[in-house]
């Protein structure tokens with residue numbers, strides 16, 4: 001395939017995926033804000049949690065749906081970056097693309113289904129029976145809820161794995177800056193190690209918004225060259241950067257040395273000959289009469 005074909009196709013699709021990435025980041029942030037809004041359980045007792053979940057049922061359902069949309073936006077962004085990186089590095093396995101899509105769909109669908117199911121269970125608990133612990137335990141003891149939880153966890157794991165691989169390879173071929181590549185890998189690790197925590201969410205949201213900004217072509221220092229050339233444009237290593245700096249410093253020193261040697265010598269200024277005592281005529285003394 002000619003280089004111009006993928007570049008022109010990416011140029012046409014980039015604004016669309018810039019919007020998808022930005023909307024995904026906003027959705028993830030909005031879902032977290034909805035989770036923090038409304039009544040909250042003061043203790044971790046099961047019956048209290050179900051009663052509070054019933055009170056905030058609409059927030060729970062809307063929040064899980066918005067969070068699912070954010071995860072789908074993340075998966076779509078990763079799939080687009082993988083496709084662009086594979087053009088520049090054909091050796092990449094297509095399994096990464098499938099992992100990103102499967103992870104996003106599983107995490108989104110599992111999360112939405114679990115949110116709806118737990119809200120329904122909470123409503124049954126609050127409106128029927130004596131609201132005792134055995135009743136709450138019986139409502140949540142079915143295998144369906146556990147299956148939905150595991151589906152969401154497996155989806156999150158697959159999404160995190162693809163996140164790391166896509167961010168790494170996109171950085172290596174020059175589609176993402178080093179900062180964005182390393183930040184993506186940090187966001188992926190934090191999403192697994194710090195599940196549901198605010199720092200992990202903020203890193204992920206920031207990465208999606210920044211990636212959307214980069215894909216829009218408005219990156220402050222200009223877009224990476226790999227987007228224009230259609231070829232891999234690896235970033236220089238630390239040793240290469242150090243060598244370039246040393247070479248530039250040597251060139252500057254040589255330039256200053258040449259300017260000193262090439263500077264013309266000032267022409268000698270003619271001075272009037274100084275009269276010495278030997279050449280100065282003696283004044284005649286007047287004779288006294």
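Inter-label distance, residue 144 to residue 179: 4.9 nm, where each label sits 7 Å from its Cα along the C-beta direction.
Protection proxy ranking of 94-107, 209-222, 128-141, by the mean of other Cβ atoms within 10 Å over each peptide's residues and highest first, is 94-107, 209-222, 128-141. A Förster distance of 30 Å, applied to the separation of the beta-carbon atoms of residue 5 and residue 253, puts the FRET efficiency at 0.05.
Based on the Kirkwood radius over alpha-carbon pairs, what is the Stokes-Einstein translational diffusion coefficient of segment 146-194 at 10 °C with 1.306 mPa s viscosity, in µm²/s?
Numbers: Rh = 11.3 Å.
Diffusion coefficient, whole number: 141 µm²/s.
Model label points for residue 206 and residue 168, set 7 angstrom from Cα along the Cα-to-Cβ axis, are 2.3 nm apart. In plain terms, the bigger the Kirkwood radius, the slower the diffusion; for segment 9-229, with that radius from Cα pairs, at 20 °C and 1.002 mPa s, Stokes-Einstein puts D at 116 µm²/s. Computed extension length for residue 235-residue 46: 62.8 nm, one decimal, from 0.36 nm per residue of separation with the Cα-Cα distance subtracted.
Read-outs: derived from the displayed coordinates by stated rules, not from any lab. Bear in mind that the values here come from a model prediction, so they are computed numbers and not experimental data. With ideal geometry, Cβ positions are generated from the backbone for all residues, glycine too; neighbour counts draw on all protein chains shown.
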